[in-house]
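No lab work stands behind these numbers, since they all come straight from the coordinates. All values reported here derive from a predicted model rather than from experimental measurement. Ideal geometry is used to build each Cβ from the backbone, glycine not excepted, and the neighbour counts take in all protein chains shown.
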Amino acid sequence: LDQVTVLIDLGTNGEMAIGNAGRVLCTSTAAGPAFEGANISCGTGSVPGAISRFDIEAGAIMIRTIGDAPPIGICGSGVVDIIAAGLREGMIDRTGRMQLASENPDCMLVGKTANGEAIVFTQKDVREFQLAKAAIRSGLEILLREFGCCWSDVAAVYIAGGFGARIDVDSAVAVGLLPVELR
């Protein structure tokens, strides 16, 4: 294929490649474990009960879990959705600072477990995500520059891994993980 294609495997490390029939460039970035739910206050891996989708509609929190099981925590795709919704709703500012109108402005209630325990998302969680996102986005930007093309030259993007399989592309673009040109 002469078309430029990007492959991204998102996890603790972000392996990525850009190429076409003529050549392929690869890199890996140390994204940290935020995409796999680690170092997130109520984080979990992509297992049944993990909150994998999150949105706010008319002020109401909407969640979906893997396997439609009772919520147990938040996996990586849920983290991306929470931040995207928080940005859209003004609950997180453009610097990543939480702006919640509650008793604890640094902690958002996302859901509850079957036995009533709170599942929360905190300011520390936003910062963990920002570190992971910066590593992935930097790797992508460097690959693109080294390959000598621009985002509009990319014909296809493939996202792999347990996190990649569940990520909402619109949320990934909204939080800056992927450039808008790759939507």
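Some points to look at:
- At full extension, ILE61 and GLN99 could sit 12.0 nm farther apart than now, given 0.36 nm per residue minus the alpha carbon distance.
- Value of [θ]222 nm, deg cm²/dmol, for the chain, DSSP H segments ≥ 4, -39500 (n - 2.57) each, nearest 500: -8500 deg cm²/dmol
- Based on Cα contacts under 8 Å between residues 6+ apart, the chain shows a relative contact order of 26 percent.
- Built from the Cα atoms of the chain, the convex hull projects on average onto 10.4 nm², one quarter of its surface area.
- The peptide list 75-84, 31-40, put in order of mean Cβ contacts within 10 Å with the highest first, becomes 75-84, 31-40.
- Here the Debye sum runs over all C-alpha atoms of the stretch 86-142 as equal scatterers in vacuum, and log10 of I(q)/I(0) at q = 0.15, 0.19, 0.21, 0.28 Å⁻¹ comes out as -0.53, -0.75, -0.84, -1.10.
- Lys, Arg +1 and Asp, Glu -1 on Cβ, resulting dipole of the chain about Cα centre, debye, nearest 20: 160
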